[in-house]
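For reference, the structure discussed in these notes is given below.
The values are calculated or read from the model by the stated rules, or taken from the named source; none is laboratory data. Predicted model, so just to flag it, every value in this text is computed and none were measured. Please note: Cβ atoms are built from the backbone with ideal geometry, for glycine as well, and neighbour counts cover all protein chains shown.
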Amino acid sequence: MSHTTDTPLLPNFLAGRWQTGHGRGSTLLDPVLGTPLVRVDNTGLDLAEGFAFARDQGGNALRAMSYGQRAAMLGEVVKVLQANRDAYYDIATRNCGTVKNDSAVDIDGGIFTLGYYARQGEALGDATCLLDGDRIRMGKDPVFQTQHVLLPTRGVALFINAFNFPSWGLWEKAAPALLSGVPVIVKPATATAWLTQRMVEDVVKAGVLPNGALSVVCGSSAGLMDQLQPFDVVSFTGSAETARLIRSHPAVAGASVRCNIEADSLNSALLDPAATDGSEAFNLLVKEVVREMTVKSGQKCTAIRRIFVPRALYAATAAAMSTRLARTTVGNPRNESVRMGALVSREQHDGVLAGIAHLKTEAEVLHDGAAVGLVDADAAVAACVAPVLLGSQDPVKAKVLHEVEVFGPVATLMPYDSEEQAFELIRRGEGSLVASVYSEDPAFIARAAAELADSHGRVHAISPDVAASQTGHGNVMPMSLHGGPGRAGGGEELGGLRALGFYHRRSAVQASSAALDALARTGVAFKP
Ligand code: NAP
């Protein structure tokens, strides 16, 4: 990223005050026009002071409130964000290069998630602790029992976020953290930090949160992990490479700082072996895959990367998808005729092209939208990549196709010869966020779910009866679990009130019935 000192420098909010870094910082660019927008920097900030302030001031204030009060506070945050939506859409167009529908996934998706937790939290009322399960007798005499309780950790939650969701990525984590009573420090990915910074600024200025409950540090990640102490938690979203560094940091490896990792993933779509060309399941698969490839230019951790169809349908699927993909106009999101905007940066553009070249060592090109050209954008400047559908007739032999995540509008079609082989091939992703299944047969869907659930955070089944109501393969809904085992990072987020678990500590209180009665009067049953 280049450095231009005449571009506005965004302040950080840390230790309860606005602070600008003392360095030149990094310049955020418009990925379509290549023009500089704002700079971010945190050089010279006293991180230790900021973390201590959040822990003490923010944490104490939040823990003094009940779940119901904190839920009401989230409701106030929703109102602030809704009042400023236009500004967020403008920033998204300029800094993320997204068309309106794609900006909505990030902006309105974040606001929706906050609203969901505000409603869920309201039901917890004036409790200040969560009662986990029933009391358990410890011996013959029933007077001495165990009650498991969950209490908010007395630390700070550090979020290190990915570039693709500057809004949703903040709020899907902050909603359960703040509802739990744990203060948040967010470090957005540099390329798209502006939207995160602006949302935090609006919320802080509105005064709807206690001071220290929400802080933002933009720019370099240097030194942030070093601040973490045993009762803090860190939640990371990003690449597998950076995830390795987070996991091996002494705070995590040595001080048991709780760590949640959401990393990359080779998500799959699977068509029922009984499907035929033009059947309902076939059409649903084609439609969903094309949508997933193009929403946010394929920059979704949940996007479909591998498509498995019965061998007899390989050519028909390729043809049907190509026809639909050809309708995707790519270019400047300010032009009404454009369906798909840019990737977030020229670096990502180059990375995606290199990734496609890598996949092509094992795959043929079934569709490449590049030939059509860009709308209102200069191909030498804009970070735009047209959708590319690849295909391989030999997925068993393929290696790269099951290993390399290309973070753009790219997917690979592969045929399978038996149901068992299809499940095996999907599992070659070594743990993914989501697999979707397209079928008219409930029994096949049930078998697929049983075969795939252990290696996927979510199994999304699309049958004709739910075609209109299904929420989308790649859409992360707050009531469902998000995360995945193995390569996907091994993390768990959302899933309704399950998300509160990460920000609480479970303890077994062993005491008399009278003492447990007194404790129970401060609590509410935890039923996620
Ligand atoms: P990234 O390069 O790993 O960066 C992620 C975050 O880590 C950024 O904020 C980055 O800051 C920071 N970072 C970089 N080096 C660090 C270090 N040594 N210590 C601490 N933090 C460091 O990932 P990305 O390119 O932004 O995101 C794309 C990837 O994220 C894709 O692979 C995608 O699949 C994955 N993703 C996963 C999910 C999920 O929920 N599973 C969601 C979205 C994205 P800078 O930006 O300042 O470098």
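Listed here are the residues, each with its yes/no results for (1) within 24 Å of Leu228 (Cβ to Cβ); (2) surrounded by fewer than 18 Cβ atoms within 10 Å (Cβ to Cβ); (3) within 14 Å of the ligand (Cβ to nearest atom); (4) free of Cβ contacts under 8 Å to residues at least 12 places away in the same chain.
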{"position": "Glu122", "(1), (2), (3), (4)": "no, yes, no, no"}
{"position": "Pro142", "(1), (2), (3), (4)": "no, yes, no, no"}
{"position": "Leu150", "(1), (2), (3), (4)": "yes, no, no, no"}
{"position": "Gly155", "(1), (2), (3), (4)": "yes, no, no, no"}
{"position": "Ile160", "(1), (2), (3), (4)": "yes, no, yes, no"}
{"position": "Asn164", "(1), (2), (3), (4)": "no, no, yes, no"}
{"position": "Ser167", "(1), (2), (3), (4)": "no, no, yes, no"}
{"position": "Lys173", "(1), (2), (3), (4)": "yes, no, yes, no"}
Evaluation of Lys300 against (1) assigned to a helix (DSSP H, G or I); (2) within 16 Å of the ligand (Cβ to nearest atom) (one fails), failing number: (1)
Top-ranked residue in the range 321-346 [being part of a helix (DSSP H, G or I) and free of Cβ contacts under 8 Å to residues at least 40 places away in the same chain; ranked as nearest to Phe407 (Cα to Cα)]: Arg324
Subset of the range 475-491 [within 12 Å of the ligand (Cβ to nearest atom), under 21 Å from Asp106 (Cα atoms) and in a loop (DSSP other than H, G, I, E, B)]: Val476, Gly483, Gly484, Gly491
Selected residue [outside any strand (DSSP E or B) and touching a Lys or Arg at 6+ places or on another chain (Cβ under 6 Å)] from Leu150, Leu170, Leu195, Leu179: Leu179
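What strands (runs of 3 or more DSSP E), lying completely within the range 13-88, carry at least 2 residues that are closer than 22 Å to Ala174 by Cα, at pLDDT below 95 and touching a helix residue (DSSP H, G or I) at 6+ places or on another chain (Cβ under 8 Å)? Let's see the steps before the verdict.
Details: elements: 17-19, 26-29, 36-40.
Correct list: empty, since no element meets the threshold.
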